[in-house]
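Here the structure comes first, spelled out in structure tokens, and everything after it is commentary.
Only the coordinates and a few stated rules stand behind these numbers; no lab work does. Computed from a predicted model, the values in this text were never measured in an experiment. All Cβ positions, even for glycine, are placed from backbone atoms using ideal geometry, and neighbour counts span all protein chains on display.
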Amino acid sequence: MLTKLYMKRILLLPLLLLSSFVFPLFAQISSGYEVSPEGAWCWFADPRAIHHENSKKKIRKTYIGYIDVHGNIKAMQYDFVKNEQVEVLVRSWFQPDDHNNPTFLVLPDDRVMIFYSRHTDEACFYYRISQKPGDITTLGEEKRLETDHNTTYPSPFILADDPDHIYLCWRGLKWHPTIAKLSLPGERDEVRFVDKPYQIVQSTGSRPYAKYMSNGKDKIYMVYTTGHPDNENPNFLYFNYVDVNTMTLHDVGGRELSAIEEGVFRVNTTKEYVQRFPATVVDNPQLRDWVWQVAMDKDGAPVIAFVRISEDKKSHDYYYGKWTGATWQKTFLANGGGHFHQTENLEMCYSGGMAIDPDNVNQVYCSVPVEGKHGRVYEIIKYTLDDAGQVVSTDTITHNSVKNNVRPYMIQGSNRTPLRLMWMHGDYYDWIVSKSRPGYPTAIHADFSGFKEDKQPRRRLLSEGTQFSGKLPNKFTIHTKIQLDTANYKGTVLKIGELIYAVNAETLQPELSYVGKKYISGNKLATADSWLRADRGTNGRWYALEKLIYLELTLVYDRGTCSIYINGLLDQHVAIGKLDRAGVVISSPNHDLHEIAVYENVLNWQEITALR
């Protein structure tokens, strides 16, 4: 499973990490089915996964996004029409921080837009857009949306009352909840601010944490805290919604609180504030609250998953809040233990996590510590409530797991699919990779058995060894293992007749070229593993990239289209046209080609990863 490159890098990590990677791909274990062996997310940038369908275009796909400890932003696409999946490299060499997980938006033309940003470290957002409807294997070039302030947690929406704009919410101005209206992508996929970003609220705390969702028509719901629970005690929980038709802020009863473009709405934790704005306060228990999700019941009323954290931060209680039309009804679900991760006295307010089923809001999934065969391990438990807000049943989703199962998430729009619930599985040491701690070496797991199906391989081997000379078939797959010359990191990496795959010495971007036309990757042939030797923190710096030493490069040719996989991740999918396949010699003029395997058929991602 591990590449030679990563085996070298892993020597820099504590040996206790090795057990995080021992599970075979797609193996069924007591903790679900593996989506990806390396990935993580924070719980404030959403939607981190969505399901999208368009019967006319034969689109029925789920997209799941995450970031790994090497700074690779990745996304898994599962196609329910073809029952196929592929893991896409969205961006290499990014800040290796789990706050930077990507979020998804389906555009009116069915193309998929992926947002991501660094953790309060840069004044911009990044995004890529699929060039074909519903297909993120065809991502266009990376774009930047410039701001005048640092950004974190992009949450995008398109609403029926204004289908011509994107509404983007994030932590931005003064580290507070921020909203802006964006244009839809233009001819070159550029989006712009239609109006400047606006700060929505102003808290007495320095960093309010907000979760958003929309009713799909005209409102964006937001639940947020006074600040970070590490710094605020008490830390209130508030609810408001934004009416996008008027750009006004309201409480749950509809009372207008502010005109967002004219000024912020101010919140605090005083008795006077509670008396004046009672419908804005979800919870004020004189403890440390933190929010996990907001959803909407069938009548349009908000429901909220949140945590009450004790004064010493050692006990986390999971709660379910529901607006009854007159008051916020709150139900205790379970004690979530303390912080779930392995690093003592760090991020003591990091709970195992909660997720509401948006299609059945009476069901809540919680990560709870359970004594099992392998000791005290966090497992996923489902709690079902009745309409009166009482817990009527509990169901075990994972059991007797070897590693923790945390930060569950229900996939938006997935109610008609078997792939609904996903979570992080494994060890966790910090939200950022650094020389003091190796970050978040977790896997992504799900409740979907389709990820483990052991389909009979269709590989038809034509040739293997260290050289190839001959005629290639109409469709083919070439899988290679190459040792790159890091002292002379440039030139042709793989030459297949007149088809050339090279690395640009200045940008370190791979370039595929054929008959005078060049196709440049949006990624660099590098990782962010240098963070393993850097200080911890978000200081605005781009640390030096780490050049790949060993590369598993797979090229698939099918009816004029080439797909390029870098270490099992799809990087490029380009139409090059008819290829001259006669008398082809495969070589690596500037690097060391160790292995070549040629298959006389097209291999899918599942079959390609099985070669590694």
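Points to keep in mind about this one:
- The range 225-268: GluC sites (Glu not before Pro) in DSSP loop, at most 15 other beta carbons within 10 Å: Glu261, Glu262
- Length gained on full extension, Glu261 to Ile520, computed as 0.36 nm times the residue gap minus the Cα-Cα distance: 89.1 nm.
- Nitroxide proxy distance, nm - points 7 Å out along Cα→Cβ at Thr270 and Lys57: 5.2
- Karplus-derived 3J(HN,Hα) values for the range 348-363, using 6.51 cos²θ - 1.76 cosθ + 1.60 with θ = phi - 60°, are 5, 9, 7, 7, x, x, 9, 8, 8, 6, x, 9, 8, 6, 7, 10 Hz; glycine and proline are entered as x.
- Note on the range 461-609: Rg/Rh from Cα positions, Kirkwood definition for Rh, rounded to two decimals, is 1.00.
- Cross-link pairs beyond the 32 Å C-alpha cut-off, checked among Lys314/Lys435; Lys61/Lys181; Lys57/Lys219; Lys57/Lys475; Lys56/Lys517; Lys481/Lys518: Lys56/Lys517
- Theoretical gain in end-to-end length, Asp109 to Gln131 [0.36 nm per residue, Cα-Cα removed]: 6.9 nm
- From the Kirkwood radius over Cα pairs of the range 359-470, Stokes-Einstein at 37 °C and 0.692 mPa s returns a whole-number translational diffusion coefficient of 189 µm²/s.
- Projected over all directions and averaged, the alpha-carbon convex hull of the range 94-180 occupies 5.9 nm².
- Listed residues Val282, Ser393, Ala534: farthest to the positive end of the dipole of the chain (Cβ charges): Ala534
- When the alpha-carbon atoms of the range 532-578 are used, the pair Rg, Dmax equals 16.8, 50 angstrom.
- Projected onto its three principal axes, the C-alpha set of the range 221-344 covers 47, 32, 26 Å, listed from the longest axis down.
- 5 angstrom amide H check on Cys124, placed H, neighbours 5+ away: Thr147, Thr151
- Distance distribution P(r), the range 273-426, all Cα-Cα pairs, bin width 5 angstrom from 0: 2, 9, 18, 21, 20, 15, 9, 4, 1, 0, 0 percent.
- When the chain is reduced to its Cα atoms, the Kirkwood hydrodynamic radius in Å: 25.1
- Additional length obtainable on full extension of the chain from Asp592 to Lys452, 0.36 nm per residue less Cα span: 47.0 nm
- Sparsely packed trypsin sites (Lys or Arg not before Pro) within the range 133-226, loop by DSSP, other Cβ within 10 Å at most 14: Arg188, Arg192, Lys217
- Coil-residue GluC sites (Glu not before Pro) of the range 472-557, DSSP, other Cβ within 10 Å capped at 14: Glu498, Glu506
- Per-pair calculated FRET efficiency, R0 = 22 Å: Arg533 and Arg144 via Cβ, rounded to 0.05: 0.20
- Counting neighbouring Cβ atoms within 10 Å and putting the fewest first, the residues Thr442, Thr417, Thr486, Thr343 line up as Thr486, Thr343, Thr417, Thr442.
- Cα point-scatterer Debye curve for the range 527-612, base-10 log of I(q)/I(0) at q = 0.18 Å⁻¹: -0.94
- Using a Förster distance of 51 Å, the FRET efficiency for Ile549-Leu184 (Cβ separation, nearest 0.05): 0.75
- Cα-derived Rg over Rh, computed across the range 42-158 with Rh taken as Kirkwood radius: 0.96
- Shape class of the range 444-543 from the Cα gyration tensor (axes a ≥ b ≥ c, square roots of the eigenvalues): oblate, since a/c reaches 1.5 or more and a/b does not exceed b/c.
- Likely footprinting exposure, Arg48, Arg581, Arg308, fewest C-beta neighbours within 10 Å first: Arg581, Arg308, Arg48
- For the range 363-425, the Kirkwood hydrodynamic radius comes to 12.6 Å, computed from all pairs of different C-alpha atoms.
- Cα→Cβ-extended label distance, 7 Å offset, between Lys82 and Leu461, nm: 2.6
- Residue order, fewest to most beta carbons within 10 Å, for Asp529, Asp283: Asp283, Asp529
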